[in-house]
Amino acid sequence: MVTGETEFCAFEGTLLIGWDGERVHWIAVDGDGIAECGVDSEIGEVTALAHRFSSASSVKLSLLRPVCSLMPVAVIDGIESHVLNLQHGPQDQALTHRTFVSDRLGEGLALIEAGHFGSEDFLLKAFPLGQWMSSTLAAIESGMNNARVGGWEHTVRVDVARSRALMMRFDTEALRWCSVTEDLAGDGILYHVVNSFHREGLDPAAAPCRVVFSGGIDKSTPIFQQFERFFDAVELESSQADLAESALLMHLLK
């Protein structure tokens with residue numbers, strides 16, 4: 001999908017930039033679809049990207065699978081940092097937070113993300129006109145839309161990266177649970193998903209449930225095979241599967 005060097009000032013589409021805490025993921029999208037994409041392990045490459053795609057019509061910045069908390073919009077104002085600390089423990093002092101709001105999930109929902117949103121942020125330095133968005137919230141909105149028309153009583157979606165996984169569970173009416181974990185070894189992800197059912201008094205083995213995986217995973221991955229032994233319907237998200245861990249950024253286009 002990577003097509004080679006782009007001419008300076010030739011690209012006029014949308015540039016999606018994501019930071020996963022270790023690497024910069026980027027996707028250049030124009031009227032014909034994905035023009036180029038890549039993953040850079042060196043932060044300094046962001047400056048080169050800014051020069052290379054300086055004529056982009058828009059730049060959308062996002063953290064990928066960050067620590068986050070969900071709360072109703074009506075009660076969140078002024079207590080964002082307290083909510084993060086309560087749910088996840090004291091945060092790194094170098095991190096700040098940003099709140100993103102959705103009106104597509106019933107009553108207003110706020111997602112608080114912990115990350116590098118300060119004035120010294122290296123992404124904003126490279127792209128001062130870039131727009132901060134939440135790929136997590138966009139993925140939740142997309143997952144909710146699919147759950148409402150999918151015909152399953154419960155839907156679980158798990159987006160897997162090499163150091164974190166974003167997990168979501170829906171019924172046909174609402175988002176029931178969302179969490180990010182670094183517990184990828186052994187039965188870690190399966191444990192968290194099953195626990196989300198148990199906390200509501202549900203038996204996941206008896207509940208009609210569809211599980212959809214995305215990100216850096218295939219059917220030979222142990223995590224996928226664990227879920228196949230526990231749930232009847234387990235599949236891979238086919239849309240943008242070739243983008244692997246970067247595919248989460250594509251939700252920002254909706």
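What follows is calculated from the coordinates using simple rules that are stated; it is not laboratory data. Everything numeric here is computed off the predicted structure, so don't read it as measured data. Positions of Cβ are backbone-derived with ideal geometry, glycine not excepted, and every protein chain shown enters the neighbour counts.
Can you name every residue in the stretch 206-217 that is surrounded by 18 or more Cβ atoms within 10 Å (Cβ to Cβ) and part of a loop (DSSP other than H, G, I, E, B)?
We begin by selecting, within the stretch 206-217, every residue surrounded by 18 or more Cβ atoms within 10 Å (Cβ to Cβ); these are 209-215, 217.
Of everything in the stretch 206-217, just one residue is surrounded by 18 or more Cβ atoms within 10 Å (Cβ to Cβ) and part of a loop (DSSP other than H, G, I, E, B), namely ILE217.
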ask   = Just checking, which of SER41, SER54, SER81 is small (Gly, Ala, Ser) and under 20 Å from the mean Cα position of the chain (by Cα)?
value = SER41
message = Restricting to the stretch 221-238, name every residue that is within 17 Å of ALA161 (Cβ to Cβ) and part of a loop (DSSP other than H, G, I, E, B).
response = THR221, GLU237
ask   = Failed condition for VAL158, given (1) among the hydrophobic types (A, V, I, L, M, F, W, C); (2) in contact with an Asp or Glu (Cβ under 9 Å, 6 or more places away or on another chain); (3) surrounded by 21 or more Cβ atoms within 10 Å (Cβ to Cβ), with all others met?
value = (2)
request  = Give the stretch 149-191 a look and list any residue that's closer than 26 Å to PRO72 by Cβ, assigned to a loop (DSSP other than H, G, I, E, B) and among the charged types (D, E, K, R), or say none.
outcome  = GLU153, ARG164, GLU173
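Yes/no per residue for (1) surrounded by fewer than 19 Cβ atoms within 10 Å (Cβ to Cβ); (2) part of a loop (DSSP other than H, G, I, E, B); (3) in contact (Cβ under 8 Å) with a residue 24 or more places away in the chain:
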| position | (1), (2), (3) |
| --- | --- |
| ALA28 | no, no, yes |
| ILE43 | yes, yes, yes |
| ALA50 | no, no, yes |
| SER54 | yes, yes, yes |
| LYS60 | no, no, yes |
| VAL75 | yes, no, no |
| GLY78 | yes, yes, no |
| GLN87 | yes, no, no |
task = Tell me, yes or no, whether the stretch 192-205 has at least one residue that is over 25 Å from HIS88 (Cβ atoms), touching a residue at least 12 places away in the same chain (Cβ under 8 Å) and not in a strand (DSSP E or B).
result = yes
query = In the stretch 237-254, which residues are surrounded by 16 or more Cβ atoms within 10 Å (Cβ to Cβ) and not charged (D, E, K, R)?
reply = GLN240, LEU243, ALA244, SER246, ALA247, LEU248, LEU249, MET250, HIS251, LEU252
query = Hey, among the residues in the stretch 114-141 that are part of a loop (DSSP other than H, G, I, E, B) and among the charged types (D, E, K, R), which one's surrounded by the most Cβ atoms within 10 Å (Cβ to Cβ)?
reply = ASP121
remark   = Picking from ASP203, ASP171, the residue that is acidic (Asp, Glu), in contact with a His (Cβ under 9 Å, 6 or more places away or on another chain) and on the phi < 0 side of the Ramachandran plot would be ASP171
